[in-house]
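Following: one structure in structure tokens, then a few remarks.
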Amino acid sequence: MLSYRHSFHAGNHADVVKHIVQSLILDALKQKDKPFVYHDTHSGVGRYDLQDERSEKTGEFKQGIARIWSRDDIPTEIGAYIDAIKAINNSDELRYYPGSPKVARAQIRDQDRMVLTELHPSDFPLLLQEFRGDRQVKMYQEDGFARLKASLPPKERRGVVLIDPPYELKHEYQDVVKAIKQSHKRWATGTYAIWYPVVYRETIDNMLQGLKDLDIRNILQIELGVEPDTEERGMTASGMIVINPPWKLATQMEQILPWLQQAIAPNHGHYKVEWIVPE
């Protein structure tokens, strides 16, 4: 099932949280000169035109990046994330939004590399076009979890895996748990950043329990909600589950999330930073 297209959702509140966390992890990896790998299991197309009919149809970016783009009180901690957006816009106008591969490309150094995987037959050619000729980027039109299994452990022994499937199907939540179980056995010291949408809270609770049952230490949960949880279908919140997070990440997000909540969802928003399993 490949009906999901991220172009309808690019730049929404979930993207903002995901890409801020991603940027902070990459910032932390850059504190050492040794090379690292950035591995993206569901890459999308790389960049998104917010004036495209799909973005305009949903307008989700207006309740996401558009609410912080022009503010004059942006926290310095998210500077790398903002710089990645500025890099693909020629002016102060917010026309394009970077997907996770472009956020990463703005931060990796000459000694680092990227592995991008996208299965969708319409999205992969656009991803290929975006990074064609870039020797630091390897792209695969394959199942993201299968490619991850084949790629670990990386030769660098340092890096981050971003896992953000569309969650179109119920089993994808448990697919994530299975992928972490397999990956952690191959590369226990890597950082794994799992994005999740809160459509039904019970589903997220079950996935968290599945991760706890793996007997893996050092698991952090970061979440931003824009509406209270409800029994009706609809994304009310989203977050990141980070295994082996950089040591400053929890403190950084505790500082960023109150500002982000007030900027994006001042009336009904909520946030949390919690250790699911301590180190």
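Considering only segment 103-142, how many residues are among the acidic types (Asp, Glu) and crowded, with 19+ Cβ neighbours inside 10 Å? Spell out the reasoning first.
At the first step, the residues of segment 103-142 found to be among the acidic types (Asp, Glu) are 110, 112, 118, 123, 130, 134, 142.
Subset that is crowded, with 19+ Cβ neighbours inside 10 Å: 112, 118, 123, 130.
The number of residues fulfilling the criteria is 4.
Grab the strands (runs of 3 or more DSSP E) fully contained in segment 162-279, keeping just those with 3 or more residues being farther than 19 Å from ASP143 by Cβ and open to solvent by 10 Å² or more (accessible area, probe 1.4 Å).
Strands (runs of 3 or more DSSP E) meeting the threshold: 270-277.
Tell me which residues, restricted to segment 69-83, are open to solvent by 30 Å² or more (accessible area, probe 1.4 Å), assigned to a helix (DSSP H, G or I) and touching a residue at least 40 places away in the same chain (Cβ under 8 Å). Listed by number, the list holds a single entry, GLU77. Out of LYS62, LYS34, one residue alone is open to solvent by 90 Å² or more (accessible area, probe 1.4 Å), of a type outside the set (Phe, Trp, Tyr) and in a helix (DSSP H, G or I). It is LYS62.
Condition check ((1) farther than 28 Å from PRO258 by Cβ; (2) of a type outside the set (A, V, I, L, M, F, W, C); (3) at pLDDT 95 or above; (4) more than 12 Å from the chain's Cα centre (by Cα)) across all residues:
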| residue | (1), (2), (3), (4) |
| --- | --- |
| GLY11 | no, yes, no, no |
| ASP15 | no, yes, yes, no |
| LEU24 | no, no, yes, no |
| LYS32 | yes, yes, yes, yes |
| GLU53 | yes, yes, no, yes |
| LYS57 | yes, yes, no, yes |
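Of all residues in segment 84-102 being basic (Lys, Arg) and within 20 Å of ASP134 (Cβ to Cβ), which is surrounded by the fewest Cβ atoms within 10 Å (Cβ to Cβ)? Let's see the steps before the verdict.
Step one: list which residues in segment 84-102 are basic (Lys, Arg), which gives 86, 95, 102.
Checking which are within 20 Å of ASP134 (Cβ to Cβ) leaves us with 86, 102.
Details: LYS86: 15, LYS102: 23.
Once the filter is applied, the top-ranked residue is LYS86.
So, in segment 128-160, exactly how many residues are part of a helix (DSSP H, G or I) and among the charged types (D, E, K, R)?
As a first pass, look at segment 128-160 and keep what is part of a helix (DSSP H, G or I): 128-131, 144-151.
In the following step, the residues that additionally are among the charged types (D, E, K, R) were identified as 130, 147, 149.
The qualifying residues number 3.
The values are calculated or read from the model by the stated rules, or taken from the named source; none is laboratory data. Not measured: the values here are computed from a predicted model. Ideal geometry is used to build each Cβ from the backbone, glycine not excepted, and the neighbour counts take in all protein chains shown. SASA here: full protein model, heavy atoms, side chains in, ligands and nucleic acids out. Shrake-Rupley method; radii C 1.70, N 1.55, O 1.52, S 1.80 Å.
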